[in-house]
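Student: Sharing a structure with you now.
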Amino acid sequence: MLNVVGPARNFASPGHRYRYGFVEITPTTGGLNAVNVVRMRDEYLYGIAEVSNSWPDAALQVQVLAARTYALAKFIAGVRKACNCHVDDGSGPYTDQMFAGFAKESSTAGDRWVAAVNATHVPPNAGNAILFNGQPITAFYSSSSGGFTHASRDAWGGDRPYAQVVADPWSLTEDNPNRTWSVTVPQ
């Protein structure tokens, strides 16, 4: 187990414990950059903390597929110079997926999340992903859409045939704490 914290954080803060892979440390202009190098099919996913471990098994497995696919697309795009990484945990210059490291696996019902990751493996050394024309899709996802998703051209630009408007009544259920929200946009 390795504990790593950045500036303005301490060991009492979440998301700094790493159990898998190894850590590459490189000097930067302002200090040091630490990158946890892990297997994408499982070790990386064990630390993804985008959803609650209490979600139904099928929902957890779908989240694993989305997270793995998103990471694969980022990997194919190459190492980003600003973080010396493919996928940023949100602490660096990018906000990709919330990677909490061992904190996710060791959290309440973390074994359910690990089981969902393991259920999406393709033996002996691969994992399922979502492809379009043989390539991982850019797997945009969120827990709450307000009842409908947006087409990629309206939300992020670019027309992705697999990212179209669809009804999402499940995001409006009473047990979703994010079913309603608001944002203020200045003129």
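The values are calculated or read from the model by the stated rules, or taken from the named source; none is laboratory data. Keep in mind that what you see is a predicted model, and the values were worked out from it rather than measured. Cβ: placed from backbone, ideal geometry, glycine included. Neighbour counts: every protein chain shown. Protein only, heavy atoms only, side chains kept; ligands, DNA and RNA dropped before computing areas. Shrake-Rupley method; radii C 1.70, N 1.55, O 1.52, S 1.80 Å.
Student: Given a Förster radius of 41 Å and the C-beta distance between V166 and A115 as r, what FRET efficiency does 1/(1 + (r/R0)^6) yield to the nearest 0.05? Walk me through the intermediate numbers first.
Tutor: On the way: r = 28 Å, r/R0 = 0.68.
Efficiency at R0 = 41 Å is approximately 0.90.
Student: Then there's this: Got a sec? What order do T138, T180 fall in by accessible area at 1.4 Å, biggest, i.e. largest, first?
Tutor: On the way: T138 40, T180 110 Å².
Accessible-area ranking of T138, T180, largest first: T180, T138.
Student: Shifting gears a bit: Largest first, what is the accessible-area ranking of L172, L65, L60 with a 1.4 Å probe?
Tutor: L172, L65, L60
Student: Another question, if that's okay. Any idea of H121's accessible area? Nearest 10 Å², probe 1.4 Å.
Tutor: 50 Å²
Student: Please report Rg (one decimal) and Dmax (integer) in Å for the Cα set of segment 111-183.
Tutor: 15.6, 45
Student: Local charge sum around G127 (other residues, Cβ-Cβ under 10 Å, Lys/Arg +1, Asp/Glu -1)?
Tutor: +2
Student: Where in the chain is the longest stretch that carries no chymotrypsin sites (Phe, Trp or Tyr not before Pro) classed as loop by DSSP and with at most 10 other Cβ atoms within 10 Å?
Tutor: 12-180
Student: Given a 1.4 Å probe and the protein chains all in place, what does the accessible area of T108 round to, in Å² to the nearest 10?
Tutor: 130 Å²
Student: I would also like to ask the following. What is the projected area of the convex hull of the Cα atoms of the chain, averaged over all directions, in nm²? All intermediate terms of the calculation are to be shown ahead of the outcome.
Tutor: Details: hull surface 52.4 nm².
Result: a mean projected hull area of 13.1 nm².
Student: Whose amide H sits under 5 Å from the amide H of I48, counting only residues 5 or more places off or on another chain, with H placed in the peptide plane?
Tutor: Hits under the 5 Å cutoff: A100.
Student: When only the heavy atoms of the protein chains count and the probe is 1.4 Å, how do M98, M1 rank by accessible area, highest first?
Tutor: Correct descending sequence by accessible area is M1, M98.
Student: Return a whole-number percent for the relative contact order of the chain, with Cα pairs under 8 Å and 6 or more residues apart as the contact set.
Tutor: 19 percent
Student: Please give the net charge around A115, taking every other residue with its beta carbon less than 12 angstrom from that of A115, where Lys and Arg add +1 and Asp and Glu add -1.
Tutor: Local net charge: -3.
Student: A follow-up question, please. Determine the principal axes of the Cα atoms in segment 97-143, then give the extent along each, sorted from largest to smallest and rounded to whole angstroms.
Tutor: Answer, in whole Å and largest first: 38, 29, 16 Å.
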